[in-house]
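Chemist: To start, I am sharing the structure in question, which I have written as structure tokens.
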Amino acid sequence: MYVNKTMAFAERPDPTSGPMADCHLPPDLLNEARRRLLQMHWDSGVGHLGGNLSALDAMMLLHHEMIGPQDRFILSKGHSAGAYYITLWSLGLLTDADLLTFHKDGTRLAGHPPASGIPSILFSTGSLGHGLPLAAGLALAARLEGNKRRVFCLTSDGEWQEGSTFEALIFAAHRSLANLTILVDHNGLQGFGSTADVASMDPLGVRLAGFDVDIRACDGHDLPSLRTALAPGGNRPTVVIMRTIKGRGVPGMEGHMESHYLPLTETNYRAALAGIGLPA
Amino acid sequence: MRAELCAALMAHADRPEMVFLTGDLGFMALEPLRDRMGDRFINCGIGEQNMVGVAAGLAREGLEPWVYTIAPFCYARAFEQIRNDICLHGLPVRLLGNGGGYGYGVMGPTHHALEDYGVLLTLPNLTAYVPAFNEDVIAVIGSAAVSPGPSYIRLGRGERPAGAVLPAYAPWRRLTRGDGPVVVAVGPLAGAAMAALAELPVRPELWVVSELPLATVAPPRAFAESIAASRRLCVVEEHVGQGGLAQMLAVWALNAGIRVDGFRHQHARGYPSGLYGSQNFHRRESMLDPDSIRDAVLELAA
Ligand SMILES: [Mg+2]
């Protein structure tokens, strides 16, 4: 079992007071997070794993390298709650005992982020299209209070079919909320088809570039690429479109729509563990 | 009540935590507030879902957001944001809905708010305010400003009868005493009822309610005693029957073991003729006009 040597959330330096040079996401921790995510879903026999695996790398990088105590994170794609819980676990904010309750009766770790019980989680999300307005509100509050904090909002690609997401984009761009970074987990799949087949906005970056925001693209599973894309921006909101793979790291699941809902099979689980170099 | 609203909010406008959000409404009414608040007065444009989400984000950071728009664009359009983003977290966001009931009159049904407090009171932690008279607005705004949870404030037009002397604002007020049927009105209709019931051969007792739900703002003992003595109750509200005060009071009376032998419910009935008109036109169509209220009370008294 990996021993958590990273600093607890509250003890980590304020990233605005200097570069978070000491906060580097160790590759073995990311690998361990992926293993723990698989195990948690396997233990609980639940699905929604595909969108968790596509978002895990970005969430881990953000929380270990970019988000300090004063910064804010909103998981707008609430169906990636599992990856969020694992990220909080990797920071020492949730325990193994907590993770064992995932999806069970009496848990704080519901299938989508809960409204109470986990102080790091600011809002209960899960209905798509809510996160970006909330993040815009947090970013506006920071501006009104003269606070330099950054606000990160992780959206899905299918979520850009929600009108409220565009209401918030219009608002954030018009108000030049430069402290707001919007991530898009662009895995190309949604609940009942590919985004291209269901309601295509491809290429998404070109569509969003019509708004007064900075568009950046990166490989959502490549840490150096993510670091560059997530660096502080200029004088307007930043949208980071991350090319990702749904079900990343699970051979039978990668790129398959079924991974949005279906639980792991034993074969997939063993293959996934072997794939990240662990005994099956 | 928009002038009173603006004046009441001006009293809080110098608080650095206060932020006022509008969905592109307030022309010819809220300019003084805009000028006073500067960058804390934010026209969010026409996007109510975003506006309510933004307000939740502001409240989460300890600011004091007020959200203003036409009532249905608030509670109906942004219902899920009110539910998930505000009420699930018990955040103190104050929602100001202008034009309660048929307030927007001939503007048509899209602008009417006939089911607002019934719908919103299904949500946890929320208090609904329905100021009855212009004089109430300052007290209601003051109460919502210090409320620890979410508030919805249904604004209408004050209808205080000329010369009427009103008791100071309270969630429940007895406007007239009597030994006839007990009449209870929600918000501004109390003024119309007051005028309608002024000179009758029977002496109804008139109450006005301005805060709901009953679970947090219980009817006063004097009201319960009056019902127990009269056993005749008439509820008047510019809201559909479903989810309205009458249904709340029925459960309250059953729980309290209070017997009611005669009952009338005057409530919004939508658009029975399929035609449109002023607020008074729609009230007549729903038997919420003074003559209909008077007839209902006289029938109860007979
Ligand atoms: Mg997707």
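The values are calculated or read from the model by the stated rules, or taken from the named source; none is laboratory data. Note that the coordinates shown come from a computational prediction; the quantities given were computed from them, not determined experimentally. Cβ atoms come from the backbone with ideal geometry, glycine included; neighbour counts cover every protein chain shown.
Chemist: Only residues that are more than 16 Å from the ligand (Cβ to nearest atom), outside any loop (DSSP other than H, G, I, E, B) and more than 14 Å from every other protein chain (Cβ to nearest Cβ): list them for region A:175-189, please.
Modeler: At the first step, the residues of region A:175-189 found to be more than 16 Å from the ligand (Cβ to nearest atom) are A:175-181.
If we keep only those that are outside any loop (DSSP other than H, G, I, E, B) too, we end up with A:180-181.
Correct list: A:Thr181 only.
Chemist: Moving on to the next point. Does any residue in region A:166-182 that is on the phi > 0 side of the Ramachandran plot come within less than 8 Å, Cβ to Cβ, of a residue that is buried (at least 19 other Cβ atoms within 10 Å of the Cβ) six or more places away or on a different chain, and which pairs are these?
Modeler: A:Ser176/A:Pro237
Chemist: Among (1) more than 14 Å from every other protein chain (Cβ to nearest Cβ); (2) small (Gly, Ala, Ser); (3) within 16 Å of the ligand (Cβ to nearest atom), there is one condition A:Ser76 misses while meeting the rest; what is its number?
Modeler: A:Ser76 satisfies every listed condition except (1).
Chemist: Based on what the data block shows, is B:Gly103 touching a residue at least 12 places away in the same chain (Cβ under 8 Å), away from chain A (no Cβ under 11 Å) and touching a Gly at 6+ places or on another chain (Cβ under 7 Å)? Steps first, please.
Modeler: Numbers: touching a residue at least 12 places away in the same chain (Cβ under 8 Å): yes; away from chain A (no Cβ under 11 Å): yes; touching a Gly at 6+ places or on another chain (Cβ under 7 Å): yes.
Against the criterion (touching a residue at least 12 places away in the same chain (Cβ under 8 Å), away from chain A (no Cβ under 11 Å) and touching a Gly at 6+ places or on another chain (Cβ under 7 Å)), B:Gly103 qualifies.
Chemist: In addition: Across region A:144-172, which residue is nearest to the ligand (Cβ to nearest atom) among those that are more than 8 Å from chain B (Cβ to nearest Cβ) and surrounded by fewer than 20 Cβ atoms within 10 Å (Cβ to Cβ)?
Modeler: Here is the first cut: in region A:144-172, the ones more than 8 Å from chain B (Cβ to nearest Cβ) are A:146-162, A:165-166, A:169, A:172.
Narrowing the set further to residues that are surrounded by fewer than 20 Cβ atoms within 10 Å (Cβ to Cβ) leaves A:146-148, A:161, A:166.
Details: A:Gly146: 36, A:Asn147: 32, A:Lys148: 32, A:Gln161: 10, A:Phe166: 17 Å.
By that ranking, first place goes to A:Gln161.
Chemist: Looking at region A:47-63, which of its residues are surrounded by fewer than 24 Cβ atoms within 10 Å (Cβ to Cβ) and within 12 Å of the ligand (Cβ to nearest atom)?
Modeler: A:His48
Chemist: Can we say B:Pro213 is touching a residue at least 60 places away in the same chain (Cβ under 8 Å) and within 28 Å of B:Ala55 (Cβ to Cβ)? Lay out the reasoning, then the answer.
Modeler: Values: touching a residue at least 60 places away in the same chain (Cβ under 8 Å): yes; within 28 Å of B:Ala55 (Cβ to Cβ): yes.
Considered against the rule, which asks whether it is touching a residue at least 60 places away in the same chain (Cβ under 8 Å) and within 28 Å of B:Ala55 (Cβ to Cβ), B:Pro213 comes out as yes.
Chemist: Now for a different question. From the set of residues in region A:190-242 that are under 19 Å from A:Asp57 (Cα atoms) and among the charged types (D, E, K, R), which is nearest to the ligand (Cβ to nearest atom)?
Modeler: Here the answer is A:Asp219.
Chemist: With respect to the numbered conditions (1) within 16 Å of the ligand (Cβ to nearest atom); (2) buried (at least 20 other Cβ atoms within 10 Å of the Cβ); (3) at pLDDT 95 or above; (4) over 25 Å from B:Asn50 (Cβ atoms), which one is the sole condition not fulfilled by A:Lys246?
Modeler: Only one criterion is unmet by A:Lys246, namely (3).
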